[in-house]
Structures are given as structure tokens and as C-alpha cells.
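Quick notes on the structure that follows.
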Amino acid sequence: MSHRPEVGAGVDGVDRSGQTALVTGSTSGIGRETALALGRLGATVFVHGRNRTAGRRVASAIDDAGGDAVFFRAELSEVETVRNLAEAVRDRTDRLDILVNNAGAHFSEGQLTADGVERTFAVNHLAPFALTHDLRDLLPDDGRVVTVSSGIHPRADGRFDVTSIDDYDGLDAYARSKLANVLFTVELARRLDGPTANCCHPGLVPGSHLWRDASIPVRLAVGVLEHLPASLVRRIADTPATGAETSVYLAASPDVEDITGQYFADCAPREPSATATDDRLAHDLWELSESLTGISWS
Ligand SMILES: NC(=O)c1ccc[n+]([C@@H]2O[C@H](COP(=O)([O-])OP(=O)(O)OC[C@H]3O[C@@H](n4cnc5c(N)ncnc54)[C@H](OP(=O)(O)O)[C@@H]3O)[C@@H](O)[C@H]2O)c1
């Protein structure tokens, strides 16, 4: 039997039946494994992505395992399509117990979206910001928001010049968006009364689609990892299934039901970079996100 994230996360005995979970970016990689695991724990899973065939396949796998799943197709680089996704979710449920903001992308070429925002920041940060806003009133008091960040976030210096692609560097843009995930979680936890908000680094998954558009040096580094002997890779890298463990832990473990505003890796709290816990920066990013999305959290 292939690796099960819920076993690695120590939550395979948890029953999530009667609960509903949305996992963005669950057509492949870490999100797919997270969705499958939450389905096996009994949750109704809303699978999301752009690839309809892959999304339906994940939803069918959950159904075949005795669960219940629905696929939602949505592009996340524009505020309007993110808000349409939220609307479609609202049409299907009046309660969302678990929201996993997992979808993420890395782009080697800089591009501005139709909203005039650097694309990595739009997909990786503004989409979770808008989606969480539009779904927050569906979260019960014991609801959970999990946002998948990355251990690369300390590379970012805390400047959010995201309406220009001058001097674009793919890895810097990616790190900036992942720093935004941690700052978003810190501020969201402060604002939510009841539901928790945590974020995580899933580990390094060299075989993931995430790196397909990376620059040549990044792809070379990832490729080297992919071709190391399995025994060695296991010690320094993850598979999508082991990469999903911390998301599944945060979504399902009773250990963290009262924990909020924290950054996790390997199913344990970790100290993020000092920049990622700067309350002033978290507040400023929140205001910037409001102005870029036209959304006001009152
Ligand atoms: N892989 C790693 O080593 C690693 C390390 C640290 C953190 N992470 C984080 O873990 C998360 C999952 O990464 P992964 O490795 O599993 O990546 P992945 O295999 O490339 O999967 C990404 C998912 O996000 C969706 N997605 C990407 N861009 C989208 C867009 N514009 N609109 C809608 N959906 C979009 C994809 O959907 P479609 O394919 O259907 O379009 C796919 O389901 C990301 O947040 C990533 O930053 C990954």
C-alpha cells in the first residue's frame, strides 16, 4: 500500500465524517494527497484545480474509497475567478469545516495578471486572501484554515513591490509569495474569532509539477535530487504523500484544535523567519491585499 499522509501525521483514527473540506490545487501533488487523505478520514472533499480530467479522477478516487467529492474548476490568478469559485462553493454548502489553501505556482518568466499584479503573488497569496474572505462565514467555530507556505520564505526581505515585473526573478517572487502566506496566517489568526489559521512548509518534493517552469539552475538542482538513490532522497526530500502530512495534521489533528497563527513543518510548530512574524508587516500586507483585490475585511 502506498504511503498515507494521515498515518504519517498520526491522525488515521480521526473521523471527519459529516465535515466538508475544500483543498485548492488538489488535481496533483501535495494537494491531491491531502484531498485523498481527508476523503479517507470521512470528509466530503471539494477538489479544486484547472485540469478537469485530473480533478475528476481525484474526485472519483475519493468516491471509490467510499467518500464523497465534488470537483471545482477555477483559475486563481484573477480576483474575479477566485470569487466565482467561492460563489460556486457557497452554492454547494453552507458550512466549510476545513479550507486548505494549497494551490501554488512558480514561474520563471515575470508576468502581470489582468488585475495588474505579479502572477506568482496573485496565485499564491491574493487567491487565498480573497477565497478565505469570501468563505470565512461558512467556517464554524472549530473550523480550520491551513495555508501551504514554504521553507523558502526566509529568502524574501519583506518588500512587496508586486505591481511591477522589472528585475523579475522567479525564485525571489516565489519566496515573496510564500512569506506572504505566513504573514497572512499571522494576521488572519488575529482576525478570526473561533476558527484557527495555521500554515506550513510541506517539505521539498522534487518530482512535483511545481518546478516544471523553473529556471534551468533550479530545475537542475531539483533534477539531481530526483535522480539520487531512493534511500538517500528519503532523507532529504519528500514525495507528494509525505509532503501532505503536515497539511493533513493541521486539518485533522485534535492536537492543534486550539493552536492558531503558527507555522509548522514535519507536523510540529517551527519558528518562521523574523520577517514573517513582523506584526507591522503583516498589517501592511493585509492593507495592500485589500487594495489589490478590492476586498475590505470588516
Ligand atoms: N513541491 C515542493 O517542493 C514544495 C515545497 C514547498 C512548498 N510547496 C507548496 O506546496 C503547494 C503544492 O505544491 P505542489 O508541489 O503539490 O505543486 P503542483 O504539483 O504543481 O500542484 C499545484 C496545484 O495547484 C494548482 N494550480 C496552480 N496554479 C493554479 C492557478 N493559476 N489556478 C488554479 N489552480 C492552480 C494546480 O492545478 P492544475 O494543475 O489543475 O492547473 C495543482 O492542482 C504549493 O503551495 C507550493 O508552493 C511545494
ARG190 meets each of (1) part of a helix (DSSP H, G or I); (2) buried (at least 16 other Cβ atoms within 10 Å of the Cβ) with one exception, condition (2)
For the range 151-171, state whether one or more residues are open to solvent by 20 Å² or more (accessible area, probe 1.4 Å), polar (S, T, N, Q) and either within 13 Å of the ligand (Cβ to nearest atom) or farther than 22 Å from ARG191 by Cα (or both). yes
For the list (1) open to solvent by 30 Å² or more (accessible area, probe 1.4 Å); (2) within 19 Å of the chain's Cα centre (by Cα); (3) not polar (S, T, N, Q), I need the number of the one condition that ASP12 fails. (2)
Can you spot a residue in the range 22-38 that is at pLDDT 95 or above and more than 16 Å from the ligand (Cβ to nearest atom)? no
Inside the range 17-122, counting only helices (runs of 4 or more DSSP H) that do not spill past its ends, which hold 2 or more residues that are surrounded by 24 or more Cβ atoms within 10 Å (Cβ to Cβ) and among the small types (Gly, Ala, Ser)? 29-40
Answer with yes or no whether VAL182 is more than 10 Å from the ligand (Cβ to nearest atom), touching a Gly at 6+ places or on another chain (Cβ under 7 Å), open to solvent by less than 40 Å² (accessible area, probe 1.4 Å) and more than 21 Å from LEU96 (Cβ to Cβ). no
Search result, residues across the range 159-189 that are within 20 Å of the chain's Cα centre (by Cα) and small (Gly, Ala, Ser): GLY170, ALA173, ALA175, SER177, ALA180, ALA189
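Which is open to solvent by 10 Å² or more (accessible area, probe 1.4 Å) and in a loop (DSSP other than H, G, I, E, B), of ASP142, ASP134?
Details: ASP134 fails: in a loop (DSSP other than H, G, I, E, B).
Among ASP142, ASP134, only ASP142 is open to solvent by 10 Å² or more (accessible area, probe 1.4 Å) and in a loop (DSSP other than H, G, I, E, B).
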Of (1) open to solvent by 10 Å² or more (accessible area, probe 1.4 Å); (2) closer than 27 Å to ARG16 by Cβ; (3) touching a Leu at 6+ places or on another chain (Cβ under 8 Å), ALA197 fails just (1)
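The values are calculated or read from the model by the stated rules, or taken from the named source; none is laboratory data. The structure presented is a predicted model; accordingly, all values stated were derived computationally and were not measured. Positions of Cβ are generated from backbone atoms using ideal geometry, with glycine treated the same way; all protein chains shown enter the neighbour counts. Surface accessibility is based on the protein's heavy atoms, side chains included, excluding ligands, DNA and RNA. Shrake-Rupley method; radii C 1.70, N 1.55, O 1.52, S 1.80 Å.
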